[in-house]
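The values are calculated or read from the model by the stated rules, or taken from the named source; none is laboratory data. Because the structure is predicted, anything quoted here is derived from the model rather than measured. For neighbour counting, all protein chains shown are included, and Cβ atoms are generated from backbone atoms with ideal geometry for every residue, glycine included. Surface areas here come from the heavy atoms of the whole protein model, side chains and all, with no ligands, DNA or RNA. Shrake-Rupley method; radii C 1.70, N 1.55, O 1.52, S 1.80 Å.
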2 protein chains.
Amino acid sequence: MIKLGMIKVSVLYPNQEGKSFDMDYYCNKHIPMVAKLLGDAVKGASVEQGLGGGAPGEPASFIAMGNLYFDTMESFQNSFGPNAAQIMEDIPNYTNIAPVIQVSKVMI
Amino acid sequence: MIKLGMIKVSVLYPNQEGKSFDMDYYCNKHIPMVAKLLGDAVKGASVEQGLGGGAPGEPASFIAMGNLYFDTMESFQNSFGPNAAQIMEDIPNYTNIAPVIQVSKVMI
């Protein structure tokens, strides 16, 4: 259940020429692994696949977006920190894109 | 209720020097206006405020992100199209940032 004030950590994969992204691995291996490692600290998760931009025929800015929700910044940092290395090491298994990470606060 | 396969339309406001964003207006005027104009086609909405990037002290890539969910691409296009001009005209009332628009499919 996503609530106001929660911390949302978004991992955005820019849609770049010559890069690849394995959505099947991401959804069925990477995200479940992250969820298991971070445990109860994770209050929600979502994944989206980019389809396009705002104008007809415009490519999506991001080929994929993954989002994790936490109650507080502390619970994110305390759960992610000790597992960061293992999570990062799995990235080359599904993509050669360097993701953009954004930490946000849920307002609506 | 967000379901697999739904269309998510994200409006991302890049965090740029010298730019402004009125989060109060956005949450309390703009989003309710958009929701009213698009009516039943909108199945969910969320707004996030950028707090930071992935590294300590790194600024957020996006100062704000707004998301709307639709059952199908057609219901997005059919509801948004006739209201696009009115929605676009409201943007200068809360920001001078040119947003990045991304249309995605909900995978998780």
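Legend: mean number of C-beta atoms from other chains within 10 angstrom of residue C-beta atoms, peptide A:10-17, equals 2. Heavy-atom surface analysis with a 1.4 Å probe gives the protein assembly as shown a carbon and sulfur content of 55 percent of its accessible area. Comment: the Cα-to-Cβ extended label point of residue B:73, at 7 Å, lies 4.0 nm from its counterparts in the other copies, nearest first. At a threshold of 40 Å², the residues of the range B:29-47 that become less accessible to a 1.4 Å probe in the full protein assembly than in their chain on its own are B:47.
Lysine pairs in chain A whose alpha-carbon atoms fall under 17 angstrom of each other, counting only those eight or more residues apart or on distinct chains, come to 5. Annotation: per residue accessible area for chain A equals 50 Å², rounded to a whole number [probe 1.4 Å, protein chains only]. Rounded to the nearest 20 debye, the dipole magnitude of the protein assembly as shown is 340 debye, with +1 charges on Lys and Arg beta carbons, -1 on Asp and Glu beta carbons, and the Cα centre as origin. Shape class of the range A:10-108 from the alpha-carbon gyration tensor: oblate, with a/c at 1.5 or above and b/c at least as large as a/b. Can you list the residues of the range B:56-81 whose accessible area drops by at least 20 Å² going from the chain on its own to the full set of protein chains, with a 1.4 Å probe? Residues of the range B:56-81 that lose at least 20 Å² of accessible area once the other chains are added: B:61, B:62, B:65. Positive contributions from Lys and Arg (+1) and negative ones from Asp and Glu (-1), summed over other residues with Cβ under 12 Å from the Cβ of residue A:68, come out at +1.
Buried accessible surface for the B/A chain pair comes to about 2500 Å², total over both chains, computed with a 1.4 Å probe. Summary for residue A:36: label point 7 Å along Cα→Cβ; distances to the equivalent points in the other copies, ascending, 4.9 nm. Positive contributions from Lys and Arg (+1) and negative ones from Asp and Glu (-1), summed over other residues with Cβ under 11 Å from the Cβ of residue A:93, come out at -2. The separation of the range B:1-45 from the range A:26-56, counted between C-alpha centres, amounts to 20 Å. Distances between equivalent label points of residue B:92 across the copies, with each point positioned 7 Å along Cα→Cβ, amount to 5.1 nm, shortest listed first.
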